[in-house]
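Step one of this worksheet: look at the structure below.
What follows is calculated from the coordinates using simple rules that are stated; it is not laboratory data. For clarity, every value in this text was computed on a predicted model and none was experimentally measured. Cβ sites come from the backbone with ideal geometry, for glycine too, and all protein chains shown count toward neighbours.
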Amino acid sequence: MFLIRCGRYVRSTMSGNSAVMERLEQRAQQADQIIARLKSQLNELKKAAVSNNGGKEASLQAENTELQAEVQRALKRLNVVALETSHGGIQIPLPRPFSSQANGEMQESEVKVQMSDPVLKSKDAADQAKPAPKTAKTDKKEKKEKKEKADVQRAATDEPSITQVDLRIGRIIDVKKHPDADTLYLQQVDVGEAVPRTVVSGLIKHVTLEEMQDRLVIMCCNIKPAKMRGVLSQAMVMCAATDDKVEILIPPKGVVPGDRVSCQGYPLADNFPPQMNPKKKIFEQIKPHLRTDANKVACYKGSPLEVEGKGVCVAPTLSKAEVR
C-alpha cells in the first residue's frame, strides 16, 4: 500500500516539474526574441546616427590631420630657431592677432624679443637709464613750483621801498592856525618848486606857532593830496612820534629847500612817481620800517635817512620812536 502511494506521488511530482520546465522554456524563448528585436533596433539606430553625422566625422578627421601637420611644422621651426639662437641670431617674431577669450573680450598677445646681441643689450640698458618721461602730474607740479618762485621774485621786486617816497627839504614860509580847526596848522612850504605847497598839519598840541615859523623840515611830497577841514593838503611834515609826544625831524646843517633826502644803501631815484598809488598803499607798507634808532637818527630798516654830503636827519629827543 505504501509503495502504491509513493509511486503516485512520484508521478504527480514529475508531471508538475515538466509543466514548470515548459513554462521556463517558453519564457526563455520570449526573452531571446526580445533581445533579438532590441539588437535589431540598436543596429538600425547606429546606422541612422552614422548616416546623419557622416559629414561632421569626416570634417573632424580632416581637421585633426591638419592640426597634426601644423604641429610637425611648428616643431621644425622651433628646431631652426634654437639652432639660429645658439649661433647668436636674433629672433623677432611678428605680433600675433588678437585672440578671443571665453568672456568675449579681446586680448592682445604679448610680443617678446630675444636680445642676444651685445650691442642691442647695451642699447636697451641705455634706454632704461634715460629719465622717465614727464607725466601730467609731474609737469603740473613743476609748473606750480615755477609759478611760486616767480611770485616770490615778483613780490620781492614789487615790494615798496623808500626809493618810491619823494622826501625833500622844505622851509615853512608862512604858518597860521586853521580857521575851522583848533588842532591844525595851515602852512605854506617852499620845497624848491616855483609855487609853495599848502600843507595842513595837526601839530598845535606839540609845537608852538613860533617854533613852526621859518623852520626847515623834511617833507613827503608825493602822497595823495587830501582835504582837511576844507583845505587841500599837498604834502606831509615828517615827524618822530610816540603815543604822547610828537617832534618834527631836524634836517642836517647846510640844506636848502628842494634838497633830496635819501636812505643809505638805497639808490636815489632820478624821477619819483608824482603820486604814490593809494590803491597799492605804498607809504602804509613803508611806514612800519621808519623809526629812529638809539641815537635818534631817522632810519628806514636800520639805514639812516640823509642828505648826501650834508648829514643825517634826527629827532630832537625821541629814540626808537615811530617816524611818520
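A few notes on this one:
- For a label point 7 Å along the Cα-to-beta-carbon line of Ala226, residues of the range 275-305 with backbone N under 16 Å: 275-288
- Amide H contacts under 5 Å for Gly202, placed H, 5+ residues apart: Tyr185
- For the range 162-323, share of DSSP beta bridges that run antiparallel, in % to the nearest 5: 100 percent
- Between Ser161 and Arg73, the distance separating the two model label sites (each 7 Å from Cα on the Cα→Cβ line) works out to 8.4 nm.
- The range 218-264 shape via C-alpha gyration tensor axes, a/c threshold 1.5: oblate
- Among the listed pairs Lys141/Lys287; Lys281/Lys320; Lys143/Lys301, those beyond 29 Å (Cα-Cα): Lys141/Lys287; Lys143/Lys301
- Cα→Cβ-extended label distance, 7 Å offset, between Leu268 and Thr65, nm: 11.3 nm
- Overall form of the range 240-324 per C-alpha gyration tensor (a/c, 1.5; a/b vs b/c): oblate
- Against the rule of thumb 2.2 N^0.38 Å, how large the Cα Rg of the range 167-266 comes out: 1.04
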